[in-house]
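What follows is one structure encoded as structure tokens, with my remarks underneath.
The values are calculated or read from the model by the stated rules, or taken from the named source; none is laboratory data. These numbers were taken from a predicted model, which means no experiment stands behind them. Every residue, glycine as well, gets a Cβ built from its backbone with ideal geometry; the counts of neighbours run over all protein chains shown. Calculation scope for accessible area: heavy atoms of the full protein, side chains included, ligands and nucleic acids excluded. Shrake-Rupley method; radii C 1.70, N 1.55, O 1.52, S 1.80 Å.
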Amino acid sequence: MARVITYGTFDLFHEGHYRLLQRAKALGDYLIVGVTTEAYDKARGKLNVVDSLVTRIENVKKTGFADEIIIEETQGQKVNDIRRFHIDIFAIGSDWTGAFDYLKDYCQVIYLERTKNISSTMLREQNSPIQRIGIIGTGRIAERFIPEARLVSGVNTQGVYNPHLESAARFAQKWEINAYKEIEAFYEASDVIYIASPHETHFGYIQSALAHGKHVLCEKPMVLEKHQADELFGYAKQHNLILLEGIKTAYCPGFHKLLGIACSGTIGAIRNVEACFTKLENPRRRELTDTRYGGSFTELGSYVMLPILKLLGKEYTSIRFDTINDENGLDIFTKISLEYPSGIATATCGLGVKSDGRLLIAGTKGYIVAEAPWWKTAYFEVHYEDIDKTEKYSETFLGDGLRYEISDFLSMINGSSNSEFKLTRGESIALSEIMETFLQEKRGYRNR
Ligand code: CTP
């Protein structure tokens, strides 16, 4: 009896999948089909899968070709499956020709000709038209955004707006996109807007983009005053528009896994969260020269506050800022201490003082630790009183990580999944309130 195995995502099940399974089954007597999990797809950079794992399994089952369905969760699983299930033939579509030759040491490898003119990617694009992204701002983060957006299927970065046409033109030439000086023409050519301009301009740009009926992804800190966040989220909700604050950590799979474990009760009740992120910055850069809106907290505060708000919530009973300022009164190191009814937290960030950037979550039964760069979460450990029980977790973090937030933003626009829970409106509003408190206390900043 010949045993055959094949693997796939089988998203938006189509004729190509059906024909592949039919031919794979015909190769032997017993067919095992491995269906990928969402986490595995994300880890290998396949970001916009529409159907849930359950639906994809159901669709494979309905064909009647699979004698057994298994789940593919990790890289390297195929060799183990082949041994475990005593497989004779590994079959896969011809788009993978050569990629699985290494399995020839374990079984026969057959590449089946791919059905022409059909793919999940094609169907995803037909179901949801490509979203044309317009970028406002031409700084370093905008530079990082473009290559990441190119990895997300379903979006196309069409152009950039900057009131300084020269900067827009230079940026547009480099990335082969359009440059706009006139904002109306820019909105006309864009479906969604990514805002990467200086912090203090975010509010005005978000307001105008929403008023033009555009969905908005805005870099952190989204706004610097609570009433601004209230107003913008209220407007977006009323007009069915997506407004998302781009704190990349919130959307990355490793951070997500860490939060899940922290909240699972395995370390007991969470009593203390400490988050630190320092990055020595060139003193001539905007972050250290803009005495009004620059400094450590406006730059890095969103990252260090994120795990605290996610784990201990927004209802803190007290908040205190301790800062070290430079000669211009700009904070080069800031420590935020928060008290909660049943816990405490500290968030530390610095552009001019280097420290041990780590995330520590202490509970009544154990603690979780993630070392720098925990904000690009790829690895963390769970420790208990009994040191032999230490658990180690890793997760892929690809590239600059912006692809995850872009992908979630797109899924929310298309209505295929709701990732709002990863960074809620309430959490973004709380962050804006903390920014406002900091700027008022430390800088005597007043905007109104
Ligand atoms: N397949 C095929 N013919 C097609 C599409 C897919 O034979 N037109 C095969 C693939 O080669 C693979 C299996 O079906 O062996 C599952 O492929 P999957 O990656 O899930 O489907 P795609 O349509 O290729 O998905 P995507 O566009 O997301 O890459």
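Structural remarks
- Among the residues examined, residue 91 qualifies as surrounded by 13 or more Cβ atoms within 10 Å (Cβ to Cβ), of a type outside the set (Val, Ile, Thr), more than 31 Å from the chain's Cα centre (by Cα) and within 8 Å of the ligand (Cβ to nearest atom).
- The numbered conditions (1) under 19 Å from residue 114 (Cα atoms); (2) open to solvent by less than 60 Å² (accessible area, probe 1.4 Å) are all true for residue 64 except (1).
- Looking across the range 29-55 at every residue that is crowded, with 18+ Cβ neighbours inside 10 Å and of a type in the set (Gly, Ala, Ser), the one that is farthest from the chain's Cα centre (by Cα) is identified as 34.
- Residue in the range 48-58 that is over 25 Å from residue 401 (Cα atoms), within 13 Å of the ligand (Cβ to nearest atom) and not polar (S, T, N, Q) present: yes
- The residues in the range 283-326 that are touching a residue at least 40 places away in the same chain (Cβ under 8 Å) and under 17 Å from residue 373 (Cα atoms) can be counted, and the count is 10.
- Hits in the range 259-273 (condition: closer than 14 Å to residue 391 by Cβ and outside any loop (DSSP other than H, G, I, E, B)): 260, 261, 262
- Selection from the range 189-204 of residues that are part of a helix (DSSP H, G or I) and either open to solvent by less than 20 Å² (accessible area, probe 1.4 Å) or of a type in the set (Val, Ile, Thr) (or both): 199, 201, 202
Results for (1) open to solvent by less than 50 Å² (accessible area, probe 1.4 Å); (2) more than 18 Å from residue 192 (Cβ to Cβ); (3) within 16 Å of the ligand (Cβ to nearest atom), shown as yes or no for each residue.
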residue: 120; (1), (2), (3): yes, yes, yes
residue: 131; (1), (2), (3): yes, no, no
residue: 148; (1), (2), (3): yes, no, no
residue: 151; (1), (2), (3): no, no, yes
residue: 154; (1), (2), (3): yes, no, yes
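- Single residue of 97, 115 found to be buried (at least 16 other Cβ atoms within 10 Å of the Cβ), modelled with pLDDT of 95 or more and within 14 Å of the ligand (Cβ to nearest atom): 115
- Selected residue (criterion: most open to solvent (accessible area, probe 1.4 Å)) from residues of the range 290-315 that are modelled with pLDDT of 95 or more and touching a Gly at 6+ places or on another chain (Cβ under 7 Å): 314
- Breaking point among (1) acidic (Asp, Glu); (2) closer than 27 Å to residue 411 by Cβ; (3) surrounded by fewer than 17 Cβ atoms within 10 Å (Cβ to Cβ), for residue 105: (2)
- Within the range 239-265, the set of residues being within 20 Å of residue 358 (Cα to Cα) and of a type in the set (Ser, Thr, Tyr) comprises 249, 251.
- Selected residue [open to solvent by less than 50 Å² (accessible area, probe 1.4 Å) and either within 16 Å of the ligand (Cβ to nearest atom) or at pLDDT 95 or above (or both)] from 139, 159: 159
- Residue 22 open to solvent by 30 Å² or more (accessible area, probe 1.4 Å), within 13 Å of the ligand (Cβ to nearest atom) and over 30 Å from residue 393 (Cα atoms): yes
- Number of positions in the range 292-316 that are in a loop (DSSP other than H, G, I, E, B) and within 19 Å of residue 426 (Cα to Cα): 4
- Taken as a whole, the structure places residue 252 among residues that are buried (at least 24 other Cβ atoms within 10 Å of the Cβ), within 20 Å of residue 150 (Cα to Cα) and modelled with pLDDT under 95.
- Output for the range 316-342, where each listed residue is under 14 Å from residue 305 (Cβ atoms) and not aliphatic (A, V, I, L, M): 316, 320, 321, 334, 335, 337, 340
- Of the strands (runs of 3 or more DSSP E) lying entirely inside the range 355-440, the ones with 2 or more residues being β-branched (Val, Ile, Thr) are found at 366-371.
- Test: residue 415 is under 26 Å from the mean Cα position of the chain (by Cα), open to solvent by less than 40 Å² (accessible area, probe 1.4 Å) and of a type outside the set (A, V, I, L, M): no
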